[in-house]
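Colleague: Dumping the structure here so I can ask a few things about it.
The values are calculated or read from the model by the stated rules, or taken from the named source; none is laboratory data. The structure presented is a predicted model; accordingly, all values stated were derived computationally and were not measured. Because the Cβ atoms are built from the backbone with ideal geometry, glycine has one as well, and the counts that use them run over all protein chains shown. Just the protein is used for accessible areas: all its heavy atoms, side chains included, with ligands, DNA and RNA removed. Shrake-Rupley method; radii C 1.70, N 1.55, O 1.52, S 1.80 Å.
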Amino acid sequence: MSYLLEMKSITKAFGAVKAVDNVSLRLNPGEVMSLCGENGSGKSTLIRLINQLESLSGGEIFIDDKPISQLRGAALRQLRSRIGFVFQQFNLYSHLTAHQNISLALEYVHGWNKAAAARRALELLDQVGLAEKASAYAAQLSGGQQQRVAIARALASSPQILLFDEPTSALDPEMIGEVLQVMKNLAHSGITMIVVTHEMHFAREIADRVVFIDGGEI
């Protein structure tokens, strides 16, 4: 059987410490997996290995049956265009509007023309419920709104896989719900999702599978 994403005995070591230790996982297209565990258990490192924000120490990751650990240059950029990543911190450009934070990557990374990038950015802001904030700068947005812009930016290139690294951990409690609602809407929309989260009720509600990791092991 062919899987969209397959990890075979992957390991990531930082010196003598194995942050990820001999992990094997498979995900089907459109599957939603929640990855849970204590702080420092290896959850974030695991998903950072998928788009090579960290390099593997051992094992291999396959996307569409193709190994990815040795990809460099244009091939790596192409891989990353298929994998959206939403960080704990929003990482928005403070000198750009919400709209520009999305359209910029489409123009300069993915080669879209300006008009098409502008239309796509507006569509995505509407999708996350922020069409009226298109001209707002990051400082004018709440934490929850900034994270929703970050989700829209991650969706810009129509990725097959969307990775969330504790997307609500930096938010005030009253802001968490609006971000989780956007993620619920995305779940089972055809995008394969891996969500690192401590929100256990949410994990149970949206995930096809909940995977616990401890000491780098499942």
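Colleague: Restricting the first residue to segment 80-96 and requiring it to be closer than 16 Å to ARG48 by Cα, which pairs with a second residue that is among the hydroxyl-bearing types (Ser, Thr, Tyr) and in a loop (DSSP other than H, G, I, E, B) meet a Cβ separation below 8 Å and a spacing of at least six or different chains?
Modeller: SER81/SER157; ARG82/SER157; GLY84/SER157; GLN88/SER169
Colleague: Just wondering, is there one or more residues in segment 65-76 that are under 25 Å from ASN185 (Cβ atoms) and buried (at least 20 other Cβ atoms within 10 Å of the Cβ)?
Modeller: In the first step, residues of segment 65-76 are kept if they are under 25 Å from ASN185 (Cβ atoms); the result is none.
Checking segment 65-76: not a single residue is under 25 Å from ASN185 (Cβ atoms) and buried (at least 20 other Cβ atoms within 10 Å of the Cβ).
Colleague: From the list THR197, THR192, exactly one residue is closer than 30 Å to SER9 by Cβ and in contact with a Phe, Trp or Tyr (Cβ under 8 Å, 6 or more places away or on another chain). Which is it?
Modeller: On the way: THR192 fails: in contact with a Phe, Trp or Tyr (Cβ under 8 Å, 6 or more places away or on another chain).
Sole residue among the options that is closer than 30 Å to SER9 by Cβ and in contact with a Phe, Trp or Tyr (Cβ under 8 Å, 6 or more places away or on another chain): THR197.
Colleague: Oh, and also: Take the residues in segment 10-40 that are more than 22 Å from ILE161 (Cβ to Cβ) and acidic (Asp, Glu), then tell me which one is modelled with the highest pLDDT.
Modeller: My answer is ASP21.
Colleague: Would you be able to say whether some residue in segment 166-184 is under 19 Å from ARG80 (Cβ atoms), touching a helix residue (DSSP H, G or I) at 6+ places or on another chain (Cβ under 8 Å) and not in a loop (DSSP other than H, G, I, E, B)?
Modeller: Here is the first cut: in segment 166-184, the residues under 19 Å from ARG80 (Cβ atoms) are 167.
From what is left, the residues that are touching a helix residue (DSSP H, G or I) at 6+ places or on another chain (Cβ under 8 Å) are 167.
So of that shortlist, the ones also not in a loop (DSSP other than H, G, I, E, B) come out as none.
Looking through segment 166-184, none of the residues is under 19 Å from ARG80 (Cβ atoms), touching a helix residue (DSSP H, G or I) at 6+ places or on another chain (Cβ under 8 Å) and not in a loop (DSSP other than H, G, I, E, B).
Colleague: For ALA117, are the conditions met, namely being open to solvent by less than 30 Å² (accessible area, probe 1.4 Å), in contact with a His (Cβ under 9 Å, 6 or more places away or on another chain) and of a type outside the set (Val, Ile, Thr)?
Modeller: The answer is yes for ALA117.
Colleague: Quick check on segment 57-75. Is at least one of its residues at negative phi and in a helix (DSSP H, G or I)?
Modeller: There is at least one residue in segment 57-75 that is at negative phi and in a helix (DSSP H, G or I).
Colleague: Give segment 183-205 a look and list any residue that's of a type in the set (Val, Ile, Thr) and surrounded by fewer than 20 Cβ atoms within 10 Å (Cβ to Cβ), or say none.
Modeller: ILE191 - this is the single residue of segment 183-205 that is of a type in the set (Val, Ile, Thr) and surrounded by fewer than 20 Cβ atoms within 10 Å (Cβ to Cβ).
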